[in-house]
Amino acid sequence: MNASVVTHFEWLIGMYVAMSLCTLLVYGWDKLAARANKPRIPESYLHMLALLCGWPGGWVGQKLFRHKTVKASFQTVFWLTVLLNMLALGALLYWDLSRIP
């Protein structure tokens, strides 16, 4: 396997881990704000984080904090962001792997 491909995979894994941790923390913060009747984090911000590789952390945050699990409209958009992220990841990997001689 080409060294640049390995570097790309390491970069992608790091990106998913970092964004997932950030997203998990933001879900936790929003849950605390909801319980305390404080200003909330906009759903559009949560969706943006999910789309930018943070969806694993968002999914864990939903389960761990029991947050945003019942609202159907949120779940629909969340899973669409997961799908879009996976399509983009698949296209990136296909393009990158197709360049290997």
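The values are calculated or read from the model by the stated rules, or taken from the named source; none is laboratory data. Bear in mind that the values here come from a model prediction, so they are computed numbers and not experimental data. FYI the Cβ positions are ideal-geometry reconstructions off the backbone, even for glycines, and counts take in every protein chain you see.
Could you tell me which numbered condition residue 3 fails, if it satisfies all but one of (1) at pLDDT below 95; (2) surrounded by 13 or more Cβ atoms within 10 Å (Cβ to Cβ)?
Every condition holds for residue 3 apart from (2).
Residue check: is residue 52 in contact (Cβ under 8 Å) with a residue 12 or more places away in the chain, surrounded by fewer than 18 Cβ atoms within 10 Å (Cβ to Cβ) and within 13 Å of the chain's Cα centre (by Cα)?
Criteria met by residue 52.
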